[in-house]
Protein chains: 2
Amino acid sequence: MEYLKPFAVDLDLVRGVLENPATRIVRRASSMRGHYADAEALERIIAAGDPVHYEVAEQPVPESPGQLRFGISTTLAGTVGEECFMTKGHYHAVADTAEIYLGLRGEGYMLMKTPEGECVWEKFVPGRLIYVPSFWGHRSVNTGSEPLVSFYVYPGNAGHNYGDIEKEGFPVRIFKRGGKIEFIRSRRQQHG
Amino acid sequence: MEYLKPFAVDLDLVRGVLENPATRIVRRASSMRGHYADAEALERIIAAGDPVHYEVAEQPVPESPGQLRFGISTTLAGTVGEECFMTKGHYHAVADTAEIYLGLRGEGYMLMKTPEGECVWEKFVPGRLIYVPSFWGHRSVNTGSEPLVSFYVYPGNAGHNYGDIEKEGFPVRIFKRGGKIEFIRSRRQQHG
């Protein structure tokens, strides 16, 4: 029998860096169309240089159920209008799979929703482990002034389902107004 | 449908502590009979107070394939004779499941073996992530002078198989002799 070989990689747990990742996914502002309440504010950010919005550094392993995929997620600080920078958010393609996030740097929230629209959040701070159970869509939101960085682990076969989140949106949006963080129920969910 | 609720727990990533764990498994020296080369040296340690050898703090989640179990493993520093303190070591009961260990404090090695007797190791230092693939038995060995602490994650259905390691042992033992770390092929494997 041919076994996968053990390996090791180095993380800087203070800066929140995976050293020499095999893959790096970079999402620029232009990949976030449709996600923010203020579409015009997003277009201004795109026109002004389309900066990096968030990125994911990953060390791939086989996408089988018993393996564990892991990496580092970094969401930059800022707002689109007054709405805090965030990731697209996703369910897992194999919906009955959980994910663990461990905050390493910065602060924010993990927004989580069920397909039926229940929405909860947990605070992201360094050292805080957030358990996203099976079936919950999830999105990181940076409410601070430095990058929000977390280490994540999920089952190898989980995959990503971005499409349903793009259609549904999240029931709650997070804004920074006059330095205060506000959780606002989104119109799309209220009227839909 | 009834979903498991999201939750969060706090880790001290510098000291390597899971705050208020739901369960804590404590292994004393007396639970390590049969694992060290020098059985008499172990009996002297047991007779002298049977101190804690290693412990595991865990926040349980359901033992289903898509969930992720996690916790903190702490192996104390010391030697039995000249052999470095270590954990019992285990395969997973569901053998085709991986495990991730992230070094938080102290130093040592993760010893890993296949059922056929191939044996490799990776160095444990803070920030080093060790990927133990499916099918590899694994044991933490503390070669330093402070507790060896790691954060671990494994699939919810993995379970533990200690029995096969108890029967087989590991092909390699780690000793500290005159301050130097030595990897020695064990007699049990050479003669067996």
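So the values come out like this:
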quantity: Every residue from the range B:66-88 that is under 26 Å from B:Val9 (Cα atoms) and crowded, with 19+ Cβ neighbours inside 10 Å; calculated: B:Gly66, B:Gln67, B:Leu68, B:Arg69, B:Phe70, B:Gly71, B:Ile72, B:Ser73, B:Thr74, B:Thr75, B:Thr87
quantity: Sole exception among (1) facing chain A (nearest Cβ under 9 Å); (2) surrounded by fewer than 16 Cβ atoms within 10 Å (Cβ to Cβ); (3) not hydrophobic (A, V, I, L, M, F, W, C) for B:Gln59, by number; calculated: (2)
quantity: Residue among B:Arg185, B:Arg105 that alone is over 22 Å from B:Gly71 (Cβ atoms) and of a type outside the set (Ser, Thr, Tyr); calculated: B:Arg185
quantity: Filtered residues of the range A:168-185 (kept if basic (Lys, Arg) and surrounded by fewer than 17 Cβ atoms within 10 Å (Cβ to Cβ)); calculated: A:Arg177, A:Lys180, A:Arg185
quantity: Where a residue in the range A:92-120 is more than 8 Å from chain B (Cβ to nearest Cβ) and in a strand (DSSP E or B) and its partner, wherever it lies, is among the aliphatic types (A, V, I, L, M) and buried (at least 21 other Cβ atoms within 10 Å of the Cβ), with Cβ under 6 Å and at least six apart; calculated: A:Tyr101/A:Ile130; A:Arg105/A:Val149; A:Gly108/A:Val141; A:Gly108/A:Leu148; A:Tyr109/A:Val141; A:Leu111/A:Val141
quantity: Residue count for the range B:37-70, restricted to those that are closer than 30 Å to A:Phe135 by Cβ, part of a loop (DSSP other than H, G, I, E, B) and in contact (Cβ under 8 Å) with a residue 40 or more places away in the chain; calculated: 8
quantity: Every residue from the range B:17-50 that is at positive phi and in contact with a Gly (Cβ under 8 Å, 6 or more places away or on another chain); calculated: none
quantity: Those strands (runs of 3 or more DSSP E) lying entirely in the range B:133-192 with at least 1 residues at pLDDT below 95; calculated: B:180-185
quantity: Of residues in the range B:4-37 being basic (Lys, Arg) and modelled with pLDDT of 95 or more, the one farthest from B:Pro126 (Cα to Cα); calculated: B:Lys5
quantity: Candidate set: the range A:134-158, residues that are facing another protein chain (nearest Cβ under 8 Å) and in contact with a Phe, Trp or Tyr (Cβ under 6 Å, 6 or more places away or on another chain); chosen: the one farthest from A:Glu83 (Cα to Cα); calculated: A:Val153
quantity: Every pair of residues 6+ apart whose Cβ atoms lie under 8 Å, when the first sits in the range A:17-36 and is closer than 15 Å to A:Ser140 by Cβ and surrounded by 12 or more Cβ atoms within 10 Å (Cβ to Cβ) while the second is modelled with pLDDT under 95 and of a type in the set (Phe, Trp, Tyr); calculated: none
quantity: Exclusive hit being among the small types (Gly, Ala, Ser) and within 10 Å of chain A (Cβ to nearest Cβ), set B:Gly127, B:Gly89; calculated: B:Gly127
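The values are calculated or read from the model by the stated rules, or taken from the named source; none is laboratory data. Keep in mind it's a predicted model, so treat the numbers as computed, not measured. Please note: Cβ atoms are built from the backbone with ideal geometry, for glycine as well, and neighbour counts cover all protein chains shown.
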